Structure formats: C-alpha cells, structure tokens
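Trainee: One structure follows; several queries about it will come next.
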Amino acid sequence: MRKAGKEATRMTESIAKGLFEQKGEKVALIDLRNIESRVCDFFVITHAASTKQVDSLAWSVEDVVRKETGRKPYHIEGRENCIWVLLDYGDVLVHIFQQPYRDFYDLESLWADGRMTILEDKPEMKG
C-alpha cells in the first residue's frame with residue numbers, strides 16, 4: 001500500500017474512533033479510490049438524533065484525529081446549525097448528519113461506485 005493510502009487508512013481509523021466515542025450511528029466508510037473523478041479518497045458518514053449530538057460527534061472527531069495524527073481539518077462546514085457538519089481533511093471527508101438529512105441526501109447511493117463498509121463496532125485500538 002502506498003504511503004498516502006496508509007495515512008488515509010490511519011485517518012479513517014481515528015475518525016471512526018472519534019465517532020464511536022460519541023455514539024455515531026451506522027458509520028459508513030466509502031472507499032472512492034477506484035473512481036477517477038473522485039473528490040477525495042474516502043467518505044466517512046454517520047448520523048445522530050439531535051443537533052447537540054451532531055456537534056459532539058464533530059468535536060470528538062477533531063479531538064481524536066488531532067491527538068492520534070496531528071492533523072486538523074482544512075475546512076469545516078455546517079457547525080452553525082448542526083444539521084449536516086462536514087469536516088474536510090483533504091483525502092478524507094467526514095459527513096455527520098441528523099438522521100432525516102442523511103436519509104434525504106443519501107450520499108451512500110450517490111457514491112455507490114465506491115466500495116462501502118458499514119462499521120459496526122469500535123475499530124481495533126492500536127498501541
């Protein structure tokens with residue numbers, strides 16, 4: 001695996017850990033690397049029941065990723081209303097929705113050409 005691929009994989013593991021710490025629901029990882037016109041290498045998608053939990057998920061991801069990888073998001077969108085928060089890490093985009101908006105926008109179907117994995121449990125903790 002290329003160095004960039006390993007870094008993106010490490011990022012997705014840290015992101016998933018941050019999401020699971022705040023009980024993100026139905027965490028989906030979409031590998032877009034086989035799509036020629038992709039916007040990034042990976043999407044990580046989850047949802048929550050309230051604006052407060054969406055905000056908590058976003059803060060948790062930022063905290064865990066910064067501690068484990070030293071990276072901060074290049075850009076954050078949606079934190080004002082916490083209906084859909086986007087954390088842009090360049091090669092990985094994190095989408096945190098309130099459930100009705102996740103269902104409406106259905107990014108999983110829009111990017112169905114990618115390889116999707118639903119993460120059910122906390123990722124393995126590497127020491």
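Computed from the coordinates by the stated procedures, all read-outs in this text should not be read as laboratory data. This one's a predicted model, so the numbers in the text were calculated from it and none came from an experiment.
Trainee: Assuming 0.36 nm per residue, please report the length gained on full extension of the stretch Asp88 to Phe104 beyond their Cα-Cα distance.
Mentor: Between Asp88 and Phe104, full extension yields 3.6 nm more.
Trainee: Moving on. How big is the antiparallel share of DSSP beta bridges in the chain, given as a percent to the nearest 5?
Mentor: On the way: 18 of 25 bridges.
About 70 percent, rounded to the nearest 5.
Trainee: Kindly identify region 3-110 as rounded, prolate or oblate by the Cα gyration tensor criterion: order the square roots of the eigenvalues as a ≥ b ≥ c, call it rounded if a/c is under 1.5, otherwise compare a/b with b/c, prolate if a/b is larger, else oblate.
Mentor: Because a/c hits 1.5 or more and a/b fails to exceed b/c, region 3-110 counts as oblate.
Trainee: Can you classify region 58-127 as rounded, prolate or oblate using the Cα gyration tensor, where a ≥ b ≥ c are the square roots of its eigenvalues, rounded means a/c under 1.5, and otherwise it's prolate if a/b beats b/c and oblate if not?
Mentor: It is oblate, given that a/c is not under 1.5 and a/b is not larger than b/c.
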